[in-house]
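A.B. asks: Here it is, the structure, as structure tokens.
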Amino acid sequence: MQYHHIRPAVFLARPNRFVAQVQTDGGAVLRAHVKNTGRCAELLTPGARVYLEFSEKAGRSTPCDLVAVEKITPRGALLVNMDSAAPNAAAGEWLAAGGLGPLQQLRAERTVGDSRFDFAARQDGRPVLVEVKGCTLEQDGAACFPDAPTLRGLKHVRALTGYARQGWRCCVLVVVQMAGVRVFRPNWATQPAFGDALREAADAGVEVLAMDCSVAPDRIALRSPVPVDLEPPPL
């Protein structure tokens, strides 16, 4: 997945979840659309280096989108893609290229029952469902999801659990929107119910996969598998 017309800037403030105030290298202060409605409090800190994609579309209330940010960690600067649409786009490329093996009738946004899943396909006559979760939260080298409670995510995981028990191939694909994390874990502190649902899903045969990404200011692509740890922390 590639962006165009990228420029660096410095993050100043986030008046609401849709808008950020930024200052370009030329000194101009602009309003940028934030393409992620999550909290992202550990990423969007005053003074953080961000990257903007400028648009030529008429009628926009902001001239650009904030798509990536540099997070300073003990291991150095970590470039994190913040575009909530990027995980599905990158996952679609990965699936089409055979990430889960050859798939037939691969389609995005398929409604099954009362849930809408990110991808559906068939494989050797067997139905396949894939739900993608974009992950931007990094804690001491671990990628964690979600960064805020998600009822939609919980519903999807539970639905996949039911279909896996019927013999479908079902997958939760966590797209870690950065490179180099050492493990993926549910965010037990934020939503224990999601972690419990993910463990139950895995026990029912749902594949819980995590992939990190190669990230540049102007692109993102799935890169390497990340170990998955579904064990809850000790009491």
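A.B. asks: Along the range 15-24, what does the Karplus equation 6.51 cos²θ - 1.76 cosθ + 1.60 (θ = phi - 60°) give for ³J(HN,Hα), rounded to whole Hz, x for Gly and Pro?
C.D. replies: x, 8, 5, 9, 10, 10, 9, 9, 10, 6
A.B. asks: Something else about it: Using each residue's phi in the range 45-59, evaluate 6.51 cos²θ - 1.76 cosθ + 1.60 at θ = phi - 60° and report the 3J(HN,Hα) Karplus result to the nearest Hz, with x for Gly and Pro.
C.D. replies: Going residue by residue, I get 10, x, x, 5, 6, 10, 10, 10, 9, 8, 10, 9, 5, 7, x Hz, with x marking Gly and Pro.
A.B. asks: Compute the angle between helix 86-96 and the longest alpha-carbon principal axis of the chain, please, reported from 0 to 90 degrees and rounded to the nearest 10.
C.D. replies: That helix lies at roughly 40 degrees to the long axis.
A.B. asks: On a full-extension model of 0.36 nm per residue, what is the gain between Ser84 and Arg165, subtracting their alpha-carbon distance, rounded to one decimal in nm?
C.D. replies: Going from the current span to full extension adds 26.2 nm.
A.B. asks: Using only Cα atoms and rounding to the nearest 10 degrees, what angle (0 to 90) does helix 151-165 make with the longest principal axis of the chain?
C.D. replies: It is inclined by approximately 30 degrees.
A.B. asks: I've got another one for you. Carbon-plus-sulfur fraction of the accessible area of the range 91-232, 1.4 Å probe, in percent?
C.D. replies: Details: 2920 of 6100 Å².
After summing per-atom areas, the C and S share lands at 48 percent.
A.B. asks: Full-extension gain between Arg199 and Asn16, please, as 0.36 nm times their residue separation minus the C-alpha to C-alpha distance.
C.D. replies: Taking 0.36 nm per residue and subtracting the Cα distance, the gain is 62.5 nm.
A.B. asks: Now, a different point. Return the calculated 222 nm mean residue ellipticity for the chain, to the nearest 500 deg cm²/dmol, obtained by summing -39500 (n - 2.57) across DSSP H runs with n ≥ 4 and dividing by the residue count.
C.D. replies: Numbers: 3 runs with 38 residues, N = 235.
-5000 deg cm²/dmol, from helical runs alone.
A.B. asks: Using the heavy atoms of the protein chains and a 1.4 angstrom probe, tell me the accessible area per residue for the chain in square angstrom.
C.D. replies: 47
A.B. asks: Report the FRET efficiency, 1/(1 + (r/R0)^6), for Arg75 and Asp229, where r is their Cβ-Cβ distance and R0 is 22 Å, rounded to 0.05. If you can, show how the numbers build up before the last one.
C.D. replies: On the way: r = 19 Å, r/R0 = 0.88.
My answer for the efficiency is 0.70.
A.B. asks: Starting from the Cα of Asp140, step 7 Å along the direction of its Cβ; do the same at Val29; then give the gap between the two resulting points in nm.
C.D. replies: Roughly 3.8 nm, to one decimal.
A.B. asks: Rounded, prolate or oblate: which one fits the range 12-153, using the alpha carbon gyration tensor with axes a ≥ b ≥ c (rounded when a/c is under 1.5, else prolate when a/b beats b/c, else oblate)? All intermediate terms of the calculation are to be shown ahead of the outcome.
C.D. replies: Working: a/c = 2.25, a/b = 1.78, b/c = 1.27.
Since a/c reaches 1.5 and a/b is larger than b/c, the shape of the range 12-153 is classed as prolate.
A.B. asks: Name the shape class, rounded, prolate or oblate, that the alpha-carbon gyration tensor gives for the range 76-235, where a ≥ b ≥ c are the square roots of its eigenvalues, rounded holds for a/c under 1.5, and otherwise prolate holds if a/b is larger than b/c and oblate otherwise.
C.D. replies: Since a/c reaches 1.5 but b/c is at least a/b, the shape of the range 76-235 is classed as oblate.
A.B. asks: Taking 0.36 nm per residue of sequence separation and subtracting the Cα-Cα distance, how much length would be gained by fully extending the chain between Asp124 and Arg182, in nm to one decimal?
C.D. replies: Working: separation 58, 0.36 × 58 = 20.88 nm, distance 3.34 nm.
Going from the current span to full extension adds 17.5 nm.
A.B. asks: Using a 1.4 angstrom probe on heavy atoms only, work out the carbon and sulfur share of the accessible area of the range 29-88 in %. Write out the running numbers ahead of the final one.
C.D. replies: Working: 1510 of 2880 Å².
Looking at the range 29-88 in its full context, I get 52 percent from C and S.
A.B. asks: Arranged from highest to lowest average of other beta-carbon atoms within 10 Å per residue, in what order do the peptides 163-173, 22-32 appear?
C.D. replies: Working: 163-173: 19.2, 22-32: 14.0.
Highest to lowest by the protection proxy: 163-173, 22-32.
The values are calculated or read from the model by the stated rules, or taken from the named source; none is laboratory data. These numbers were taken from a predicted model, which means no experiment stands behind them. Cβ: placed from backbone, ideal geometry, glycine included. Neighbour counts: every protein chain shown. The protein model used for the area step is the full one, side chains on, heavy atoms only, and it has no ligands, DNA or RNA in it. Shrake-Rupley method; radii C 1.70, N 1.55, O 1.52, S 1.80 Å.
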